[in-house]
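Colleague: Sending over a structure as structure tokens; questions will come in a sec.
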Amino acid sequence: MTDQSKGGRIRATGSRRKKPGARRRATTVVAWSAAALVLVGGSGLGYAYFKLNGNIQGVDINARLGTDRPVDVDNGSMDILVLGSDSRSGANSSYGADQGGARSDTAMIVHVDEGHKTASVVSVPRDTIVERPDCEGDRGTAEGAARAMFNTAYEVGGPACAVKTVEKMSGIRMDHYIEVDFTGFKQLIDDLGGVKITTKETIDDSKSHLNLEPGTHTLDGEQALGLVRTRKSVGDGSDLGRIQLQQAFIKALITQVKEIGLLSSPKKLYAIGDTATRAITPDSELDSVKELASFAGGLKSLGAADVNMITLPVEYDPADPNRVVPLEKASRQVWTALRTDRPIPASATEKSAGDKGGAADVVTGG
């Protein structure tokens, strides 16, 4: 295996560095909660069913990974890797050019408990140094690395390599994979009528083009995208602070989704379903309206209070303060909790740099 530690994004201390502004692809923050809502009130509407079905393009993770995977624990719980890449192709090109290949800008491991009454979400910082395994990509085997940034797994081997890397670091088999499109995120928020949030301080970020005064705001799609891209102007300016903003936004989004009453408006529900099915790339076991509807049904009872969100316990890498490395003991606590279908203990994050981004209380639900 080879070492890899190019580029820098997470700042520990000292002056803030210049970051590549185009790589703010945090659209994945809506994937799992949106799936619980949208996917498919139109499933019984004849033409609408086939239209939405035709929107969905899945990816066969299982075939690419084979049998060398963690044990499939069939107890009713679900583990889902929700991912966003920083591709700038197609409609996303207005946000900048691709810079050497797509990488996963945001990653969340979602564990839904056996009874589907609660969920735990573990955000993995993209610059976490991990052992990346050898992966079978579209152009043959992608060599692994003893020290690689987590987000390079997607770059060298696509969705399957991202899943394989998560399974290696956690020892947990992913039941599903969902990836979200950049422009689809904006449209989904607009279709929902915006998301209401409250800011406790001014957010003025030239990179994400977001300017909000303290107070309550209903964010449209462009503003919502700006919020989940914001980093330098909030907290300590690190990617860890940006993750805290994303988690706060998800909570607000889940609340909005449950309060919106979409079933009373078939037209609005169809518009959201159309956007959502275009925006996501699921695994091949979720690549139809019927499968997505079943998946959504398993999440519909979850509210914001039922979802515990943490950042993977990490510390700044002694070899490079622009990187983080998992805290071994604390990370084991997290993975053990998910594997055994138990709540993540508070002690797992007590010493983590992930709780020190300084943005945890900047944004709350409306």
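The values are calculated or read from the model by the stated rules, or taken from the named source; none is laboratory data. Keep in mind the model is a prediction, meaning the values are calculated, not measured. With ideal geometry, Cβ positions are generated from the backbone for all residues, glycine too; neighbour counts draw on all protein chains shown. The protein model used for the area step is the full one, side chains on, heavy atoms only, and it has no ligands, DNA or RNA in it. Shrake-Rupley method; radii C 1.70, N 1.55, O 1.52, S 1.80 Å.
Colleague: Hey, can you tell me all the residues within segment 127-156 that are open to solvent by 10 Å² or more (accessible area, probe 1.4 Å) and either in a helix (DSSP H, G or I) or of a type in the set (Phe, Trp, Tyr) (or both)?
Modeller: Matches in segment 127-156: 154, 155, 156.
Colleague: Identify the residue in segment 334-355 that is open to solvent by 60 Å² or more (accessible area, probe 1.4 Å) and in contact with a helix residue (DSSP H, G or I) (Cβ under 7 Å, 6 or more places away or on another chain) and, among all such residues, is farthest from residue 252 (Cα to Cα).
Modeller: Out of the qualifying residues, it is 351.
Colleague: To continue, here is another question. Give the residues of segment 159-176 that are part of a helix (DSSP H, G or I), crowded, with 22+ Cβ neighbours inside 10 Å and touching a residue at least 40 places away in the same chain (Cβ under 8 Å), sorted by residue number.
Modeller: 159, 160, 162, 163, 164, 166, 170
Colleague: Can you name the number of the only condition in (1) farther than 20 Å from residue 283 by Cβ; (2) at pLDDT 90 or above; (3) open to solvent by 30 Å² or more (accessible area, probe 1.4 Å) that residue 210 fails?
Modeller: Of (1) farther than 20 Å from residue 283 by Cβ; (2) at pLDDT 90 or above; (3) open to solvent by 30 Å² or more (accessible area, probe 1.4 Å), only one is false for residue 210: (3).
Colleague: State whether one or more residues within segment 266-276 are touching a strand residue (DSSP E or B) at 6+ places or on another chain (Cβ under 9 Å) and acidic (Asp, Glu).
Modeller: no
Colleague: Cβ contacts < 6 Å: first residue under 23 Å from residue 338 (Cα atoms), restricted to segment 121-149; second residue surrounded by 20 or more Cβ atoms within 10 Å (Cβ to Cβ) and among the basic types (Lys, Arg), any location; separation 6+ or different chain. Result?
Modeller: 127/9; 127/323; 129/323; 133/164
Colleague: To continue, here is another question. List the strands (runs of 3 or more DSSP E) that sit entirely inside segment 273-366 and contain at least 1 residues that are over 20 Å from the mean Cα position of the chain (by Cα) and touching a residue at least 40 places away in the same chain (Cβ under 8 Å).
Modeller: The qualifying strands (runs of 3 or more DSSP E) are 314-317, 320-326.
Colleague: So, in segment 220-242, of the ones that are assigned to a loop (DSSP other than H, G, I, E, B) and open to solvent by less than 10 Å² (accessible area, probe 1.4 Å), which residue ends up nearest to residue 185 (Cα to Cα)?
Modeller: 230
Colleague: May I ask you to list pairs of residues, at least six apart or on different chains, whose Cβ atoms are under 8 Å apart, with the first in segment 188-214 being in a loop (DSSP other than H, G, I, E, B) and the second being surrounded by fewer than 18 Cβ atoms within 10 Å (Cβ to Cβ) and aliphatic (A, V, I, L, M)?
Modeller: Short answer, once both residue conditions are applied: 193/260.
Colleague: Would you check which residues across segment 108-126 are touching a Gly at 6+ places or on another chain (Cβ under 8 Å) and either surrounded by fewer than 23 Cβ atoms within 10 Å (Cβ to Cβ) or assigned to a helix (DSSP H, G or I) (or both) and list them?
Modeller: Scanning segment 108-126 gives 114, 115, 116.
Colleague: Are any of the residues in segment 143-164 of a type outside the set (A, V, I, L, M) and closer than 21 Å to residue 366 by Cα?
Modeller: So far as segment 143-164 goes, no, none of its residues is of a type outside the set (A, V, I, L, M) and closer than 21 Å to residue 366 by Cα.
Colleague: Still on this structure, please answer the following. Take the conditions under 16 Å from residue 128 (Cβ atoms), surrounded by fewer than 17 Cβ atoms within 10 Å (Cβ to Cβ) and touching a helix residue (DSSP H, G or I) at 6+ places or on another chain (Cβ under 7 Å) and apply them to residue 320. Does it pass?
Modeller: Taking the combined requirement at face value, the residue does not satisfy it.
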